[in-house]
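Here is the structure we will look at.
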Amino acid sequence: MQSVVGDMSPPQGCGEALRLAREQAGLSLQEVSQRLKMPAKVLQSLEAGQWDQSGGAVFVRGQLRSYGRLLKVDVEPFLQQADAVVAAPAELVSHTHTPRLQHAFESFKRRAVYVVLTLVIVTPVWMALRPASGPAPEAATASLDDVPDASRAGNEGQADASRPVTRPQAAPYVASMAPSPRATASWLSLSFRGDSWVEVNAPDGRKVEHALLRAGDERRYAPGEVGRVKLGDATAVEVQHAGSTVDLAPYQRANVARFTVSSEGSLAPVVD
């Protein structure tokens, strides 16, 4: 039973003629494959008459003509002989090619639909679970040093006992750690015009301030809080003591100023 490719049937002697011509030319299948840029398996199928393994009829004709030109073998009579053996026309299968741009657009469209569906499902859930927004009511703050006068409140209560009084509900007091204005009165202050290293110790030797302070910084201390002060760059610091500017020259050596603060509040140079 003969194999059929399209409307062609391999004639007797075509493959044999090609094989003999190749052997007489001293060529191997690999050498012919390299010259024709054709797989050696296809060449072997052509020589064996297995055209059904070499592709469609159009490809087989082209392969035979190329093989014949290389070996100087006229294959046209063999092709005419094959055309005389007519078989049922091969069924053409249409392969639709999708352009790359269209494929990318369809992929984007699918992703967009997925995103829209996700938003439609997730948004109502997020809106339902989101806490109610709005500014929280501000609570009134009061310093711990400001205490309502109990006696005045008692007198007002006795004066108004004869008639009912409707008082608005006051906002609750919230304790504040901020010092009252009386506590912020500075006794010793350091104002920095430039960068300077500062060491401030309490009378008991405890560290109050050990740091590099920058231009524009300011430090204030209450009576009894400071026992000893060391300024790394005295020219960059202005010292105020009891409301007066302190001349640092008596306490300065090179560019470093050192002074102590007595329990009475007087300043004295540090004696090494």
Yes or no: ALA104 open to solvent by less than 60 Å² (accessible area, probe 1.4 Å), of a type in the set (A, V, I, L, M, F, W, C) and at pLDDT 85 or above?
-> yes
At least 1 residues that are of a type in the set (A, V, I, L, M) and open to solvent by less than 40 Å² (accessible area, probe 1.4 Å) in each: list the strands (runs of 3 or more DSSP E) lying fully within the range 180-272 that qualify.
-> 188-192, 196-201, 207-213, 228-231, 237-241, 256-261, 267-269
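Counting only residues that are part of a loop (DSSP other than H, G, I, E, B), buried (at least 17 other Cβ atoms within 10 Å of the Cβ) and at pLDDT 85 or above, how many does the range 24-72 have? Steps first, answer last, please.
From the range 24-72, those part of a loop (DSSP other than H, G, I, E, B) are 25-28, 37-39, 49-50, 54-56, 72; that's our starting set.
Restricting the remaining residues to those that are buried (at least 17 other Cβ atoms within 10 Å of the Cβ) gives 38, 49, 54.
If we keep only those that are at pLDDT 85 or above as well, we get 38.
Total meeting the criteria: 1.
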Unique match (being at pLDDT below 80 and part of a helix (DSSP H, G or I)) among ALA82, ALA90, ALA21 | ALA82
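The values are calculated or read from the model by the stated rules, or taken from the named source; none is laboratory data. Here the structure is a predicted model, which means the values were calculated and not measured. A quick note on method: Cβ atoms are made from the backbone with ideal geometry, for glycine too, and the neighbour counts reach across all protein chains shown. Areas reflect the complete protein model, heavy atoms only, side chains present, ligands, DNA and RNA absent. Shrake-Rupley method; radii C 1.70, N 1.55, O 1.52, S 1.80 Å.
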